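Here's the structure, in structure tokens; my notes come after.
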Amino acid sequence: MNDATLYHLAECAGLSRTWHDVFGTGHDVTPDTLRALLTALGLPAASESACHDAVAVLEAETRRLPKLLTTSVDADIVLEYAGGVVRVVLDDGTAYESNPHDIGDGKVRIERIARPGYHQIYLGERAIDVAVAPSRAFTVQDALHCRGRSGKVWGLAAQVYGLVRKNDGGIGDFAALASFVRSAGGHGADAVAISPIHALYASEPGHYGPYGPSSRIALNPVYAGVDCAEPPLTADGLIDWRVSAPLRYAALRAAFAHDRNNPDFATFQTTAPRAIRLHAWFEAIVTHQLAIGAGRDWRSWPAVLRDPTTLEVTSLVAECHEDVAFHLYAQWRASTSLKAAQRAAIDADMAIGLIADLAVGADPAGSDAWSRPSEVLRGASVGAPPDEFNRRGQNWGLTAFSPRGLRQSGFSALRDMLAAALEPAGGVRIDHAMGLSRLWIIPDGGEAKDGCYLRYPFDDMRRIVMLESFRHQGIVVAEDLGTVPHGFRDSLAASGLAGMSILWFERDGDRFIPPSAWRADTAALTTTHDLPTIAGWWRGTDIGWRDRLGLAGEDAGKRAHDRECLWSACLESGAGQGAMPAPEAGDAIADTLAVHIATAASDLVILPIEDALALDEQPNIPGTIDEHPNWRRRLPSEAASILDQSKVAMRLAALDRRRKQIC
């Protein structure tokens with residue numbers, strides 16, 4: 001087989017033949033990897049003739065008018081059209097006619113559509129769907145303007161499961177979140193960023209990692225605000241998901257029996273989006289399959305059950321109608337509770353409120369992959385190439401959108417996911433936002449180093465993110481950490497999509513860069529869920545964990561030097577005074593760095609709750625599963641009052657004062 005033909009197909013499909021690691025070293029992707037990944041994209045490449053056929057398929061798709069055309073309010077629209085009057089129908093039903101300008105080669109230029117939205121253009125009898133993005137997404141300053149305010153704001157970040165309230169069944173929920181945001185607003189916060197709340201699996205409580213969801217559209221029902229029996233405490237005070245999640249589902253089933261005829265739920269049953277109904281179907285079918293001794297993974301089901309459009313699926317869903325109704329009820333209760341938490345934030349005078357979190361992908365055995373098989377990758381998972389933190393790279397075991405599937409569906413999965421996240425919140429954080437431009441994908445069965453980059457339709461996806469932000473009046477924070485494509489951050493900034501600046505990464509050699517010199521078009525944070533807390537880093541708790549787990553990282557000697565460098569930055573910003581705190585002085589360094597981060601040029605500063613409380617332990621250590629208690633730590637006291645402790649309240653008050661001084 002002539003590899004030149006394979007390479008040409010790979011380029012047409014968006015697969016990069018070469019890549020450069022963080023050290024600038026170039027690497028070639030093997031032909032076997034390209035063939036496997038092309039197959040995952042639905043492009044067989046086992047022979048030269050198959051490659052030629054696949055290229056012809058892609059070229060035909062390129063010539064075909066897209067199912068959804070994306071543009072912006074600033075741009076005219078160029079289309080192939082023989083001529084004549086063009087009719088534009090806006091999303092509110094308003095219609096008008098436009099005389100296109102002939103630019104030759106059978107193409108016309110249509111005057112820009114000045115209103116953002118999902119509209120239609122009629123070329124004679126042919127209708128074209130068009131997404132018109134605003135010139136910029138909805139920003140922090142827009143949110144403040146809506147409240148009659150201006151300036152720079154701050155917020156907190158919290159893992160929802162870690163929040164505590166009475167009768168919560170051992171897992172934090174949206175009722176606890178509502179109490180927490182009321183308190184945070186009372187201390188001056190304008191936002192609360194939360195961990196992913198995507199649906200996991202009712203049938204598998206041991207699958208609790210929030211970044212490996214079954215669906216990125218449906219909610220996790222264990223967070224619905226229902227009272228629940230308290231589980232036995234574990235010896236270490238950690239969440240036992242295998243005990244607590246079933247308790248919360250039992251409470252939901254009891255509530256369902258009582259609420260079965262609730263008129264609001266009845267309305268939800270008939271108006272719920274198709275994606276939510278299909279998730280309820282999926283959960284009911286999983287229960288049925290487990291009952292007959294089959295597996296949870298839909299890929300092992302009989303072929304007739306792997307496609308949600310078959311008569312066999314419809315028949316089984318009708319047979320399981322009561323279980324389907326329960327899972328719809330669980331979604332309704334979760335949605336109602338989440339919206340109540342956002343109302344509590346707005347009532348507490350927050351300009352933004354909740355910032356939801358979108359995982360980069362979903363479990364290939366989950367409901368999103370089952371219900372939209374043509375829109376996700378099949379036979380490949382996403383991850384990260386080898387870098388200085390992980391020399392073997394990372395395989396996250398998740399599937400993600402298929403670029404071809406997105407285009408062919410009119411980006412429906414992306415639109416549904418963004419709308420689901422933004423509709424009940426004041427903003428969204430997009431995990432690994434480079435996925436809007438490219439993703440590192442790995443053939444099933446391969447190691448992370450055996451992957452390659454897959455190109456995504458960045459301009460189309462960026463415009464849709466901007467449009468959904470505008471439509472839902474929600475800010476967007478794009479996690480742009482790691483290996484970033486050239487020009488990616490500039491494009492985000494120009495679009496009104498905030499990147500992220502993290503204290504630990506804002507360095508020039510050994511020197512910590514003052515927050516006032518960080519990128520202004522980002523959200524500024526002390527840390528993230530995957531990184532050490534302030535107190536833990538200062539003390540070296542993370543080093544202890546890495547030593548025990550055999551993970552690479554800096555040693556105690558390097559940390560001692562870095563503490564001195566960070567303290568120098570604190571003195572430079574005016575946050576630090578006098579002698580450097582001792583390594584054990586977690587509260588003292590947390591006080592200093594809360595004021596230090598407040599000096600950031602960013603419109604939004606976010607302080608994770610672990611740093612507000614000066615806790616040592618971080619929520620997650622990447623590269624571990626059970627070796628570290630990932631996603632299992634609870635906060636030390638109740639959500640409604642945890643910020644009122646004198647040390648914490650004083651820390652937040654100092655942050656609030658400093659933010660107001662730099663406005």
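Being surrounded by 18 or more Cβ atoms within 10 Å (Cβ to Cβ), of a type in the set (S, T, Y) and over 18 Å from A193 (Cα atoms) is true for just one of S573, S637, S568. Which residue is that?
Exactly one residue qualifies, and that residue is S573.
Hey, can you tell me all the residues within the stretch 237-269 that are part of a loop (DSSP other than H, G, I, E, B), more than 12 Å from P205 (Cα to Cα) and under 30 Å from the mean Cα position of the chain (by Cα)?
Answer for the stretch 237-269, where residues must be part of a loop (DSSP other than H, G, I, E, B), more than 12 Å from P205 (Cα to Cα) and under 30 Å from the mean Cα position of the chain (by Cα): G237, L238.
Please go through the stretch 501-539 and pick out each residue that is under 15 Å from C565 (Cβ atoms) and assigned to a loop (DSSP other than H, G, I, E, B).
The answer is E506, G509, D510, I513, P514.
Only one of V226, V160 is surrounded by 22 or more Cβ atoms within 10 Å (Cβ to Cβ) and either among the hydroxyl-bearing types (S, T, Y) or touching a strand residue (DSSP E or B) at 6+ places or on another chain (Cβ under 6 Å) (or both). Can you tell me which?
V160
Could you look through the stretch 292-337, keep only residues that are assigned to a loop (DSSP other than H, G, I, E, B) and among the small types (G, A, S), and pick out the one that is surrounded by the most Cβ atoms within 10 Å (Cβ to Cβ)?
A294
Residues being under 21 Å from the mean Cα position of the chain (by Cα), of a type in the set (D, E) and surrounded by 18 or more Cβ atoms within 10 Å (Cβ to Cβ): count how many of those fall in the stretch 466-515.
Residues in the stretch 466-515 being under 21 Å from the mean Cα position of the chain (by Cα), of a type in the set (D, E) and surrounded by 18 or more Cβ atoms within 10 Å (Cβ to Cβ): 3 in total.
If I filter the stretch 54-75 for residues that are free of Cβ contacts under 8 Å to residues at least 40 places away in the same chain and in a strand (DSSP E or B), do I get at least one hit?
no
If you go through the stretch 473-481 one residue at a time, do you hit one that is part of a helix (DSSP H, G or I) and either of a type in the set (D, E, K, R) or at pLDDT 95 or above (or both)?
Checked the stretch 473-481: no residue is part of a helix (DSSP H, G or I) and either of a type in the set (D, E, K, R) or at pLDDT 95 or above (or both).
Can you work out which of the residues in the stretch 167-182 that are under 21 Å from the mean Cα position of the chain (by Cα) and part of a loop (DSSP other than H, G, I, E, B) is nearest to S637 (Cα to Cα)?
G172
Take the stretch 1-46 and flag every residue that is more than 24 Å from A448 (Cβ to Cβ) and exposed (fewer than 13 other Cβ atoms within 10 Å of the Cβ).
Across the stretch 1-46, the qualifying residues are N2, A4, A46.
The values are calculated or read from the model by the stated rules, or taken from the named source; none is laboratory data. Bear in mind that the values here come from a model prediction, so they are computed numbers and not experimental data. All Cβ positions, glycine included, derive from the backbone under ideal geometry; neighbour counts span all protein chains shown.
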